[in-house]
1. For the chain, just the Cα atoms, rotate onto the principal axes and tell me the three extents in Å, largest first.
2. Run the reach check for K106 against aspartates and glutamates, Cα to Cα strictly under 19 Å, same-chain hits fewer than 8 apart removed. What comes back?
3. How far, in degrees from 0 to 90, does helix 61-70 lean away from the longest principal axis of the Cα atoms of the chain, to the nearest 10?
4. Under 22 Å Cα-Cα from K84, which lysines qualify once same-chain neighbours fewer than 8 residues away are excluded?
5. Which whole-number percentage describes the relative contact order of region 14-80, with Cα contacts under 8 Å and a sequence gap of 6 or more?
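Quick note: the coordinates plus some simple rules give every number you see, no bench work behind them. These numbers come from a predicted model, not from an experiment.
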Amino acid sequence: MTDNSLTNWTSMSDRALAEHIGAFVRHHRLEQNKTQAALAHEAGISRSTLSLLERGEAVTLNTLIQVLRVLDQLQVMTAFVIEKRISPLALAKMQKEQRRRARGAKGCDTTETEW
């Protein structure tokens with residue numbers, strides 16, 4: 001496998017990306033010493049569909065997820081985590097609206113001597 005820090009994903013064609021995904025699947029299948037037939041059976045797909053995936057051909061997203069699950073490689077889903085970020089302007093506005101001091105209730109007739 002290649003070093004991901006050196007890969008320019010945006011410059012790769014769709015075909016090249018699909019082939020890279022296929023190589024990833026093939027690498028992990030072989031690392032686990034599984035045949036295409038065995039992996040396909042565990043994933044509930046045909047061997048020919050798995051072969052298409054490994055060659056970088058078009059397969060469904062569901063097929064890819066099933067194969068990744070069987071290979072125990074669902075950690076790749078961390079790339080799709082959506083992190084909530086707040087803009088600097090929204091943060092400044094929230095900080096401006098925060099209370100700086102407490103004040104007594106309106107219409108309260110208490111005097112300092114009652115305290």
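1. 87, 33, 23
2. Leaving aside aspartates and glutamates fewer than 8 places away in the same chain, those within reach of K106 are E114.
3. Computed tilt is about 80 degrees.
4. K93, K96
5. Numbers: 60 pairs, mean separation 25.2, N = 67.
38 percent.
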